[in-house]
Amino acid sequence: MKTYVLVCAIIFSSAWSARATDVDPDVAQECARLWGSDYHMQLFCRKQQMRAKDEIRLQNFETSLRGDSTTRTAIVSAKRLYGIGVGELNRAIDGCYSTAVNYDQYQICVVMDTYAQIRTGAKGRNGAQATEDRQVAHATSIFGKTRGKTIYKALIGEAILAVNHDINN
């Protein structure tokens, strides 16, 4: 019985701590300030604020897919170059990486590179891995090792979703 109680306590505490980390610290602090020791209202406040933050993130992402964003501009450019030929698109991507010196320029390169990979159907792990290695290497050379990997990870998801959205619509 003691073992059962101990296991339940461990599971409950780990579930509670995982749940607590789902809330932005700024949101938690503001809700605590507003509602003091009324923990029911603090919980309600946190849920409402996190739902609102998620809606804003979704709107920003959908706007970047539809709007006149850097991602959209890169896709339009990649489509035009792909229409001329894969070799032309690859040359443009190489040139893009060699001249990129900031976040926006690197973002254009990643989106174009991702477009090329998806459109040409880079086969198997080697094709995808070679593209990822190239993208990370360029991010590292522009932004430094730690920051480069972080920036790459922040961009690649949006690039893949945006390219797939464009191709399928």
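If contacts are Cα pairs under 8 angstrom and at least 6 residues apart, what is the relative contact order of the stretch 102-169 in percent? Let's see the in-between values first.
Working: 39 pairs, mean separation 25.5, N = 68.
Dividing the mean separation by the residue count of the stretch 102-169 yields 38 percent.
Carbon and sulfur together cover what percent of the accessible area of the stretch 104-169 at a 1.4 Å probe radius? Each step should come with its number before you reach the end.
Values: 1790 of 3480 Å².
Solvent-exposed carbon and sulfur of the stretch 104-169 make up 51 percent of the total.
Net charge near I156: determine it from the other residues with C-beta under 13 Å of the C-beta of I156, scoring Lys and Arg +1 and Asp and Glu -1. Display every interim value, and only then the final one.
Values: positive: R134, K149, K153; negative: D113, E132, D133, E158.
So the environment of I156 carries a net charge of -1.
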Expected field for L161, accessible surface area in Å² at 1.4 Å probe radius, rounded to 10, holds 100 Å²
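The values are calculated or read from the model by the stated rules, or taken from the named source; none is laboratory data. On a predicted model such as this, the values are computed, not experimentally measured, just so you know. Don't worry about glycine lacking a Cβ; one is built from the backbone with ideal geometry, like all the others, and counts go over all protein chains shown. Just the protein is used for accessible areas: all its heavy atoms, side chains included, with ligands, DNA and RNA removed. Shrake-Rupley method; radii C 1.70, N 1.55, O 1.52, S 1.80 Å.
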